[in-house]
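The values are calculated or read from the model by the stated rules, or taken from the named source; none is laboratory data. What you see is a predicted model, and the numbers here were worked out from it, not measured in a lab. Because the Cβ atoms are built from the backbone with ideal geometry, glycine has one as well, and the counts that use them run over all protein chains shown. We work out accessible area using only protein heavy atoms, side chains counted, and drop any ligands, DNA or RNA first. Shrake-Rupley method; radii C 1.70, N 1.55, O 1.52, S 1.80 Å.
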Amino acid sequence: MVEEEIAINGLILIKPKSFEDGRGMFFESYNSSKFNDIITKNIVFSQDNISISKKNVLRGLHFQKPPNSQGKLVQVIKGSVLDVAVDIRSNSPTYGQHYKVELNDKNRLQLWIPEGFAHGFVALEDNTIFSYKCTSAYSKSDEMDLLWNDPLLDIDWGVSSPLLSDKDEMATSFENFNSPFK
């Protein structure tokens, strides 16, 4: 695994080593010992999620508040996404800033998103399969979201009319957001 730290403290881009030959390709998508060495913490994942999205489906910006906040290790199994993480740690020097990266089945990049970030993505291809490893189980009562197109966040998703859930259309504006992460 090769890792790259991001300008926003806590986010880490990971590139698993892959091996290709005439038969196809192999890569180790997760190894707890190597992963924990990279992020210098002992992380235990509680839940794995898979979503399948049509092109231009935008999911996010989602997070869970404490005590059930989630760290996420995300990757694309098939297809491609523009993946976005927003720093919502109110005491962070990068509060309100975002990082975006294309994750796809060719570059096999993974993004570690620790607690204190809102996360979302837009599918760039039909039938994109997206994988999330989460440090806490889903908790509806702790689920929160930010408005994907909030002008204060200034995220260029590359899509003018994405397909959204009703929940994502009605998300909280950043101006009215009171972060539970200090």
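Listed values, structure above:
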| quantity | calculated |
| --- | --- |
| Measure of compaction for region 120-164 (Cα Rg per 2.2 N^0.38 Å) | 1.43 |
| Cα-based Rg of the chain normalised by 2.2 N^0.38 Å, two decimals | 1.00 |
| Heavy-atom accessible area per residue - region 51-182, 1.4 Å, Å² | 45 |
| In range of the label at L152: residues from region 166-180 whose backbone nitrogen is under 19 Å from the point 7 Å along Cα→Cβ | 168-180 |
| Long pairs among K34/K54; K65/K100; K133/K182; K55/K100, criterion Cα-Cα beyond 26 Å | K34/K54 |
| More than 21 angstrom apart: percent of Cα pairs within region 87-162 | 38 |
| Computed FRET value (nearest 0.05) for K55 with K34, which takes r as the C-beta separation and R₀ as 30 Å | 0.35 |
| Anisotropy class of region 30-129 from Cα gyration tensor, a/c 1.5 cut | oblate |
| Estimated translational D of region 18-65 in µm²/s (Stokes, Kirkwood radius over Cα pairs; 20 °C; 1.002 mPa s) | 146 |
| Cα point-scatterer Debye curve for region 7-87, base-10 log of I(q)/I(0) at q = 0.19 Å⁻¹ | -1.18 |
| Intensity falloff of region 61-100 expressed as log10 I(q)/I(0), Debye formula with alpha-carbon point scatterers, at q = 0.24, 0.29, 0.33 Å⁻¹ | -0.98, -1.14, -1.20 |
| Extended-chain gain in nm, criterion 0.36 nm per residue less alpha-carbon gap, N127 and S139 | 1.7 nm |
